[in-house]
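First up is the structure itself, then whatever we jot down about it.
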Amino acid sequence: MACGNAHISRADSLALGAVQIMIGTFTVLMWYFLLVLYMGQIKGVFGKYEPITYKTGCTLWGICYIISGVYIIKSAKSPGRKLIVSSLVLSVVCMVIAVTAIILTVLELSTFRTVSYKNYGQAKLGREVSRVLLVVYHLEVAIAITNAICMCSSLNRRHDNVSVPEEPAETTL
């Protein structure tokens, strides 16, 4: 398989799951902060600042990180094939979500239209939060890739441990 011989201890796997849960909790709390921040805007001449990451609920996607972290911890405590596969699939989903969030955040930070002077401070603070979240999304991608590689190698090791009968299979021809 393409996973190689990567091996991760139970403690490392528990730490990966805990960090992933913390990242998910942080992003969800940042969503709440941005919600309060942008809801307090006053409609001015140039309008309100509502970035694409806010409209799509990009930081609310951290719930998937939390669920994936829980599955990582469950698969570390009692490794079964179904839990390992579920953890692997959720890690891939988290990677896709984090890469999408990175793309949306870069698009948001690369464009800045004029807003009302009354909302400029809130827009500036929201953009700083997006910069922090951009770093967090990269961290999430790294953790999800690490977990996916280790879960894949764990599946490979479990597959290699299955005993194969030594008798050749009979053909019907």
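Report whether or not Val162 is among the aliphatic types (A, V, I, L, M) and at pLDDT 75 or above. Before you say what the answer is, go through the steps one by one.
On the way: among the aliphatic types (A, V, I, L, M): yes; at pLDDT 75 or above: no.
Spelling it out, it is not the case that Val162 is among the aliphatic types (A, V, I, L, M) and at pLDDT 75 or above.
Is it the case that some residue within segment 22-38 is over 18 Å from Ile143 (Cβ atoms), hydroxyl-bearing (Ser, Thr, Tyr), at pLDDT below 80 and part of a loop (DSSP other than H, G, I, E, B)?
no
Filter the helices (runs of 4 or more DSSP H) completely within segment 51-146 down to those with at least 3 residues that are small (Gly, Ala, Ser), touching a helix residue (DSSP H, G or I) at 6+ places or on another chain (Cβ under 8 Å) and modelled with pLDDT of 90 or more. Quick ask: steps written out before the conclusion?
Details: elements: 52-55, 62-77, 81-110.
Once the helices (runs of 4 or more DSSP H) in segment 51-146 are filtered for at least 3 residues that are small (Gly, Ala, Ser), touching a helix residue (DSSP H, G or I) at 6+ places or on another chain (Cβ under 8 Å) and modelled with pLDDT of 90 or more, what remains is 81-110.
Being modelled with pLDDT of 75 or more, outside any loop (DSSP other than H, G, I, E, B), in contact with an Asp or Glu (Cβ under 8 Å, 6 or more places away or on another chain) and surrounded by 12 or more Cβ atoms within 10 Å (Cβ to Cβ): is that true of Cys152 here?
Numbers: modelled with pLDDT of 75 or more: yes; outside any loop (DSSP other than H, G, I, E, B): yes; in contact with an Asp or Glu (Cβ under 8 Å, 6 or more places away or on another chain): no; surrounded by 12 or more Cβ atoms within 10 Å (Cβ to Cβ): yes.
Against the criterion (modelled with pLDDT of 75 or more, outside any loop (DSSP other than H, G, I, E, B), in contact with an Asp or Glu (Cβ under 8 Å, 6 or more places away or on another chain) and surrounded by 12 or more Cβ atoms within 10 Å (Cβ to Cβ)), Cys152 does not qualify.
The values are calculated or read from the model by the stated rules, or taken from the named source; none is laboratory data. Bear in mind that the values here come from a model prediction, so they are computed numbers and not experimental data. Glycine gets a Cβ as well: all are built from the backbone with ideal geometry, and neighbour counts include every protein chain shown.
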